[in-house]
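All of the numbers you see were taken from the coordinates with simple rules; none came from a lab. On a predicted model such as this, the values are computed, not experimentally measured, just so you know. Please note: Cβ atoms are built from the backbone with ideal geometry, for glycine as well, and neighbour counts cover all protein chains shown.
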Amino acid sequence: MTRLVPGLALLLTLLQPALGQAPEPPANYDEAKVGTFTLPDPLVSKAGKRITTPADWQKRRTELLQLFADNVYGQTPAQAVKLRFQVSNVDQAALNGLATRKQISIFFTDYPQLPPIDVLLYIPKSAQKPAPVFLGLNFCGNHCVTTEADIPLSTRWVSNVIGNVSVNNRATEKARGLQATRWPIETVLKRGYALATAYYGDIEPDYPQGWHTGIRSVLGDTTKASNWGAIGAWAWGLSRIMDYLQTDPAIDSKRVMVMGHSRIGKASLWAGAQDTRFAAVISNESGEGGAALARRWYGETLERISTHFPHWFCPRYTTYSKRVAELPVDQHELLALIAPRPLYIASADGDQWSDPRGEFLSGVEAEGVYRLYGKTGLGPVRFPGLNEPVGQTVRYHNRSGKHDVTDYDWAQYLRFADELVR
Ligand code: GTR
């Protein structure tokens, strides 16, 4: 995603009074000014009981999930939704014979007005048994992740901003392969993994009114302060793709790793926290509302994100914008909800907006829950240098370079998958 260049951001801040808006507090990038804060303890229940066993943690887990639903992402509707999986295209020799490529549409039987989620799935030809799979939503349509000419352009609303290649929020041929560098499909396949992706806008187009044409138009309760937001919807969509993957004999559905970048990283963490069918979770620069601690005043803040992207969260979340210390949870507890499953948290040094150190510290604070299961999470580590992956069941790196998903990131995820998921 593009980000505001500092000059433009400053100009907008200066214009805010003229636009009738209260000026936004400036972003802090000075570690000395972060301040002190007390984090809620994942291992103390609401009733004040210390959690010392996995059995007690399971109860505390339910409590924490509810706190995140009530205060951050909103309540994911519990009702089962009837799905119909339609395999629309299978290419047995995709990418020069490297993969079987399938396109599957997930239709919502009871809601024919909703568009399907169109899944693009690559399975390595070399697989002798059901393949473990990386699952991640993409930002601009399946045609953006690959240069293959026969992937249909998404017909859904797409952002005009990404790459400047859409016209009136509709995809054009210029978008083909636009984000292919973020999806090293052939490398992943050669390592024996399948790759599944779908456009996040199939579940809900990412703009304030987008929910009118997405799953939140038929599920949820818009009168409630805990109504789910778009991140909740995207997370829900990931679970529906999981429903499909469980039916595909070519896929090892016990080894589905949910991976996401930035806002989709936030959704992937929330998906992995709620749905324990995901064997591992990978958060790529998910930042505020994702892996980063909310209580740190550094880079993007709760106030900023809830002002700019209120549709991502439940309505109550915004009420914490000037009183983050009162938020009943912090993001290390979201990470703890992934335990004891493997978790990868990745930051980029050129993406201070996402608060790399805050993402790392959040992982550190999840340690106690991994320990309950006899696992080492990040372990006793200091904030590492650039491009220096650390940790065990929980891993972390701070890559050099900008907000993006690169070959370096994928090289770490593949190693992590080989060691902990395979
Ligand atoms: C930014 C937003 C971040 C992150 C990012 C992205 O504008 O402030 O929280 O989600 O977008 O998704 O690339």
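Figures for the structure shown
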| item | result |
| --- | --- |
| Per the chain, cysteines lacking a partner by the 4.7 Å Cβ criterion | 314 |
| Loop-located trypsin sites (Lys or Arg not before Pro) in segment 251-347, at most 13 other Cβ atoms within 10 Å (DSSP) | 322, 323 |
| Test item: Cα-centred dipole of the chain, Lys/Arg +1 and Asp/Glu -1 on Cβ, debye | 720 |
| Whole-angstrom gap from segment 298-356 to segment 370-399, using each part's C-alpha centre | 20 |
| Calculated [θ] (222 nm, deg cm²/dmol) that DSSP helices of n ≥ 4 give over the chain, each run adding -39,500 (n - 2.57) | -7500 deg cm²/dmol |
| Sparsely packed chymotrypsin sites (Phe, Trp or Tyr not before Pro) within segment 35-72, loop by DSSP, other Cβ within 10 Å at most 14 | 37 |
| Reach of residue 59 by Cα under 16 Å, taken over lysines that are not fewer than 8 positions away in the same chain | 46, 49 |
| Potential extension, residue 224-residue 411 segment - 0.36 nm per residue separation minus Cα distance | 63.0 nm |
| Convex hull volume per residue in cubic angstrom - Cα atoms of the chain | 144 |
| Filter on 125/266; 102/254; 174/266 - keep pairs with C-alpha separation over 22 Å | 125/266; 174/266 |
